[in-house]
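A.B. asks: Take a look at the following structure, please.
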Amino acid sequence: MPLDFLVTRRSRLALVLVSAGFLAIATSAFAGKAPLELSTNVSRDGAWSSIPAVTPPPSATPPPARMAYGAAWDTQRNRMIVFGGHPTFRNDTWVLEAGAWQQLVTAGTPPSPRYGHSCVYDSANDRLIVFGGISGSGNLNDVWSLTLSGTPTWAPLATSGTPPSARLYSVVTYDSANQRLVVFGGHDGAFRNDTWTLTLGATPTWSNAAAGTPPPARDLSHGIYDASRQRMVLYGGWSGSDFLNDTWQLSLAGTPTWSPLATIGTPSKRREHSASYDPVRDRMIIAGGLDVGYPTPLSEVWALSFSTDQWQQLPSLPDNRRTAHESVYDPLLDRMIVHGGYSGTQYLSTTMALNLSGTPEWVDLFPAFAGSPSARREYSMVVDPVREQMVLFSGTQSSPPLDRGVWTFDLSDPDAAWQRHLIANGPNPRHGHTAVWDAPRDRMLMFGGYDDQSLAYLNELWELKWTPSPTWTLLSPGGTLPSPRMALGMIHDPVRDRLVIMGGHPQYLNEVWELPLSGANAMQWSQLSPAGTAPAPRWGHSFVYDSHRDQAIMFAGTSEGGVVHDDVWTLDLTGGTSWAQLNPNGPMPLKRLVHTAIYDPSLERMLVYGGGNYDPVFLLDTWELRLSDQHPRWKRMHPLGRGPGERDLITAVYDAPRTRLAFFGGFREDPTTFHADTWFLNWGSDEPDSIEGTAQFSGNQIVVTW
């Protein structure tokens, strides 16, 4: 009959487990005994373990991505209201209240779908006012109200007097002292600089009157209402031929009167930014926008102090550059909220808050991928040994929005989870880039890749430091720079304190470049000319540093004509560099590309996992290249546990204190699958204590199945 058993490390009988799933052994010594205790003897091959993708709990659905919408702050209910916008012409209404987005159910007939309009909150009458914009039939100058008490109800607002011409992209504020709407400029087929007011009492009435010299005609400007000085202040915009960075004030006490506002330290010219008034610190805050760098938006945030008329730069938008968004001031939590907009490549649905008390700090109110990074491939990942954490950035993702966050995983915590960090002024999302840890300077260095926003191959070098605060810096090395590339190999050579890169795409490359990080030639790129016969030009190879022999090891990859390799090369780093091909003993791994590899100094070996070739075949095998033997030797490994399965385009790292390999996510083409799980191959003390199974007596044998 079958017997349950445990295979443990405490047994007196050694048994090497093999992948067939059962084994027949002689039973005369222990017939009738259960459970059996059999040593696994698996310390070198290791055991797989994983952390599944962590999906955040369901939360309120955010508004669909949009730009050029209208927004206001409802002071009575402490909430942000969003109406309409682009893409397509929209007329839906959303509120951000108590930490959640929800679509507002309204009565009445809503305004026609539109964008480029303006919204204000009429506090005296507890309603939202919508003016102008553009619909599918053309420019608009209609006025609508959404009453907010009871059942929110839409209705057109009947006005008297001559209204402004139909227009979009005007500056509109609510003058609370006089209970009126104030409208400046915009575009009605021409750029305008006229000023209008609409009283919001019993008989709403338009009038067109302003003294002083008005600002030059413009649209796409933004402004705020300064209640303590009873004025409207606006900044920047678009004249039709130039971006603007002038600041103007319209006094609203008595006859509205224009005058320029002289400021110190003016931001660069821009349009389509947002503007909010911070009453606690008495200043106007502008965020993002578009400048002469069109079509790439800005991430800058500036504050204009009204006590000094001086501009000061605040922390930049960390999640994305954006334009054509809106912002509101939240007095309950003393913060500025920014929502939606356009990144230059996609419409946005993210919501960010700049906490203004103390040191200003941005917070993502609805992290797109809380819990673990989104499913992705072609990311970069390194181990930060000082903080004992993995650091992951960017990659090709299974769905937008593109992730600009930096993710970390605490390797020392057995219950750790991924954490996302929003760090201002960082690189654009990219894939196929590579990174190493520069221990002498306690930083990550990241090179190359393909920019998903500018659609270009890169040869940028970025630095990420954690102290004194997390900071991205784009470095500017001298010398002759390597050509832009992705899917390359890069190591940090600790003996000579330099970066060494090899190969890459879009061309098939086998150049070797160095960037010294210290010494006389520090931060000067130069191409090396290694002795010996070089490997064939390629990309998708692995490139690791062998610390015992002071050499780099390159394995596999693909060359022109779809040739896939299984060759192994060493690049001797001592003295002058030199190439040599290795011809290891043992069975060879299958040819492959876009696999992953690490160097294991504890056992003097290179470990290789996964990848693919052009058959097409996706691979799930694990191999070691033993370098400690007299002659290098390949050996296929048979780790315990259910492994990750077939996948490629992953980056593995070596966790030295725990002697294990780790990687995240990856890709499989058939069926198309992006992964978001985290895997570890442990060969230290973390392998399972036991494996459950059954033993079946058969004659003078026991058949063991696990």
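The values are calculated or read from the model by the stated rules, or taken from the named source; none is laboratory data. Note that this is a predicted model, so its numbers are computed, not measured. Every residue, glycine among them, receives a Cβ derived from its backbone with ideal geometry; neighbour counts consider all protein chains shown. Only protein heavy atoms, including side chains, enter the accessible area calculation; ligands, DNA and RNA are left aside. Shrake-Rupley method; radii C 1.70, N 1.55, O 1.52, S 1.80 Å.
A.B. asks: At 1.4 Å probe size, what's the solvent-accessible area of Ser307? Round to the nearest 10 Å².
C.D. replies: For Ser307, the solvent-accessible surface is approximately 90 Å².
A.B. asks: Same structure again: Can you give the FRET efficiency to the nearest 0.05 for Thr205 and Ala227, using r as the Cβ-Cβ distance and R₀ = 30 Å?
C.D. replies: 0.85
A.B. asks: Between Ala124 and Glu669, what is the label-to-label distance in nm when each label sits 7 Å out along the Cα-to-Cβ direction?
C.D. replies: Going from the Ala124 label point to the Glu669 one covers 6.8 nm.
A.B. asks: Okay, moving on. Give me the number: length gained by fully extending Asp309 to Leu528, i.e. 0.36 nm times residue separation minus the C-alpha to C-alpha distance, one decimal in nm.
C.D. replies: On the way: separation 219, 0.36 × 219 = 78.84 nm, distance 5.47 nm.
Result for the pair: 73.4 nm of gain on full extension.
A.B. asks: Still on this structure, I have one more. Accessible area of Thr473, 1.4 Å probe, to the nearest 10 Å²?
C.D. replies: Ignoring ligands and nucleic acids, Thr473 comes out at about 50 Å².
A.B. asks: Pulled fully out, how much extra length does the chain show between Asp334 and Leu455, if you take 0.36 nm times their separation in residues and subtract their Cα-Cα distance?
C.D. replies: The span from Asp334 to Leu455 would gain 39.7 nm if fully extended.
A.B. asks: Here's a follow-up. Ordering Tyr69, Tyr329 by how much accessible area each has at a 1.4 Å probe, largest first, what is the list?
C.D. replies: Final ranking, largest accessible area leading: Tyr329, Tyr69.
A.B. asks: Probe radius 1.4 Å, ligands and nucleic acids left out: which of Met67, Met232 has the largest accessible area, and how do the rest follow?
C.D. replies: So the residues, ranked largest to smallest area, are Met67, Met232.
A.B. asks: Then there is this: Using a 1.4 angstrom probe, figure out how much accessible area the range 83-198 has per residue, in square angstrom, rounded to the nearest whole.
C.D. replies: Averaged over the residues of the range 83-198, the accessible area is 36 Å².
A.B. asks: OK, next. Quick check for you: with a 1.4 Å probe and neighbouring chains kept, what is the accessible area per residue of the range 295-419, in Å²?
C.D. replies: Using a 1.4 Å probe on heavy atoms only, each residue of the range 295-419 averages 33 Å².
A.B. asks: Pull out the extension gain between Leu475 and His548, defined as 0.36 nm times the separation in residues minus the alpha carbon to alpha carbon distance; nm, one decimal.
C.D. replies: Details: separation 73, 0.36 × 73 = 26.28 nm, distance 3.08 nm.
Fully extending the segment from Leu475 to His548 adds 23.2 nm.
A.B. asks: With +1 on each Lys and Arg Cβ and -1 on each Asp and Glu Cβ, how big is the dipole of the chain about its Cα centre, in debye rounded to the nearest 20?
C.D. replies: Approximately 440 debye in magnitude.
A.B. asks: Run the simple label-point estimate for Ser268 and Arg633 please: 7 Å along Cα→C-beta, distance reported in nm.
C.D. replies: Modelled inter-label distance: 6.1 nm.
A.B. asks: I want to make sure I understand the PRE zone here: with the label point 7 angstrom from the Cα of Ser357 toward its beta carbon, which residues in the range 99-115 have backbone N atoms less than 13 Å away?
C.D. replies: From the range 99-115, the list is empty.
A.B. asks: Could you please put Glu514, Glu388 in sequence from largest to smallest accessible area, using a 1.4 Å probe?
C.D. replies: Sorted descending by solvent-accessible area, the residues read Glu388, Glu514.
A.B. asks: With every protein chain present, what is the per residue accessible area of the range 546-680 (1.4 Å probe, Å²)?
C.D. replies: 38
A.B. asks: Okay, next question. If you average the C-alpha positions of the range 206-254 and of the range 447-479 separately, how far apart do those two centres end up, in angstrom?
C.D. replies: A separation of 39 Å, based on Cα centres.
A.B. asks: If the only charges are +1 at each Lys and Arg Cβ and -1 at each Asp and Glu Cβ, what is the size of the charge dipole of the range 181-308 around the Cα centre, to the nearest 20 debye? Before the final figure, lay out the partial values.
C.D. replies: Numbers: 9 positive and 11 negative charges, 39 e Å.
That gives a dipole near 180 debye.
A.B. asks: Moving to a separate point now. Provide the FRET efficiency to the nearest 0.05 for the Asn521-Tyr614 pair, computing r from the beta carbons and using R0 = 45 Å.
C.D. replies: 0.65
A.B. asks: Give the calculated FRET efficiency between Val495 and Asp410 to the nearest 0.05, with a Förster radius of 41 Å applied to their Cβ-Cβ distance.
C.D. replies: 0.85
A.B. asks: Between Ala253 and Met588, what is the spin-label point distance in nm, taking each point 7 Å from the Cα along the Cα→C-beta axis?
C.D. replies: 8.8
A.B. asks: With all protein chains present, how much of the accessible area of the chain (probe radius 1.4 Å) comes from carbon and sulfur, to the nearest whole percent?
C.D. replies: It is 52 percent, rounded to a whole number.
A.B. asks: Looking at the range 277-394, what % of the alpha carbon pairs are farther apart than 26 Å?
C.D. replies: 31
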